[in-house]
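Each remark here refers to the structure printed beneath this line.
The values are calculated or read from the model by the stated rules, or taken from the named source; none is laboratory data. None of these values were measured; they are calculated from a predicted model. In this analysis, Cβ positions are derived from the backbone assuming ideal geometry, glycine residues included, and neighbour counts consider all displayed protein chains. Note: areas computed on protein heavy atoms with side chains; ligands, DNA, RNA excluded. Shrake-Rupley method; radii C 1.70, N 1.55, O 1.52, S 1.80 Å.
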Amino acid sequence: MKKYWIGATALLIGVGASGAPNTLSSEEKSAGWILLFDGKSMKGWVDPHKKTPPGDAWSIEDGCLKATSKPRIREDLFTTRTFRDFELVFDWRIAPAGNSGVKYRIQDHFFVLPPEPKEKFEASVQRTLQYRTKVRPGKGDDYVVGFEDQMTDDEANPDAKINPKHTAGALYDMVASTTPAAAAHPAGAFNHSRILLRGNHVEHWLNGAKIVDSSLDAADAMAGIEKRWSIVPVVYGMLLKQPKKDCPISLQNHGDAAWFRDIKVRR
């Protein structure tokens, strides 16, 4: 009965009572769903346009939250509310060869210092944490320490083509999607994703197919994190121990155009 109820819920969500995105049906309201984006405003999100200096990474276009391509300040968009255990659904599409994602169980975020000559990204993060500042830069990249449901154009994105843990729907760097090619729609077409998080157990669904079923702290899942962040033990420790449980959800700007709509959550 429980499996049937979850499946029915997955079919129920995605459109409101009128069939239009960015609305809740009466059934969804009764089931406890919260609409995170109304299709026309930044209500419910930390608006980067209102910061100093104002951010240019996000806009609203055709009923979608749109990640700007190559913005001056590349930063994620965060919910004003926090969530611990939740079910999240959303529609997304990505530009050709693009890369984006949705992050959750977020432990920290900061603007990374400009890289020094031949410095790898992880080394730049380590240096940033050593000389951390609260000053908001006029340009730069925000890095979010959390877990990511990956969004890519698997056919053309070079990273997705060589690493199965970087394909659409994967738990980025941790767990590969079981059926990325079969589940993902091509660039420019909308996909429907679902994230189910209970404690440390997480599921990623893509277009009705469950493609990740794992624990955030499983040894095999953490192996990739440990390898990547070996020179930044504080980042590895945050992801392993997750001292923060009630966290915002973020939409990623990775420098490529990406569109998000019909974003709904229930605790």
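Averaging the sequence gap over all C-alpha pairs within less than 8 Å and six or more residues apart, then dividing by the number of residues, gives the stretch 117-177 a relative contact order of 22 percent.
Spacing of the modelled spin labels on Asp159 and Asp85, each 7 Å from Cα toward Cβ, amounts to 3.2 nm. Per the Debye formula on identical point scatterers at the alpha carbon atoms of the stretch 25-104, with no solvent, log10 I(q)/I(0) at q = 0.14, 0.21 Å⁻¹ is -0.56, -1.17. Expressed as a whole percent, the accessible surface of the chain that belongs to carbon and sulfur atoms is 57, based on a 1.4 Å probe. Ellipticity at 222 nm from helices only: DSSP H runs of n ≥ 4 in the chain, each -39500 (n - 2.57), divided by the residue count, give -5500 deg cm²/dmol. In this structure the stretch 65-164 gives 47 Å² per residue of accessible area when probed at 1.4 Å with all protein chains present. Taken over the stretch 108-267, the ratio of Cα radius of gyration to 2.2 N^0.38 Å equals 1.07. For the chain, how big is the tail of P(r) above 35 Å, as a whole percent of Cα pairs? Of all Cα-Cα distances in the chain, 11 percent exceed 35 Å. For the stretch 184-267, the fraction of C-alpha pairs more than 14 angstrom apart is 74%.
Grab the beta carbon distance between Lys118 and Lys29, set R0 = 51 Å, and tell me the FRET efficiency rounded to 0.05. Here the calculated transfer efficiency is 0.40. Accessible surface for the stretch 182-267, divided over its residues, is 40 Å² per residue with a 1.4 Å probe.
In summary, the stretch 135-212 shows an alpha-carbon radius of gyration equal to 1.20 times the 2.2 N^0.38 Å reference for compact globular proteins.
Its alpha carbons give the stretch 82-176 an Rg and a Dmax of 15.2, 43 Å.
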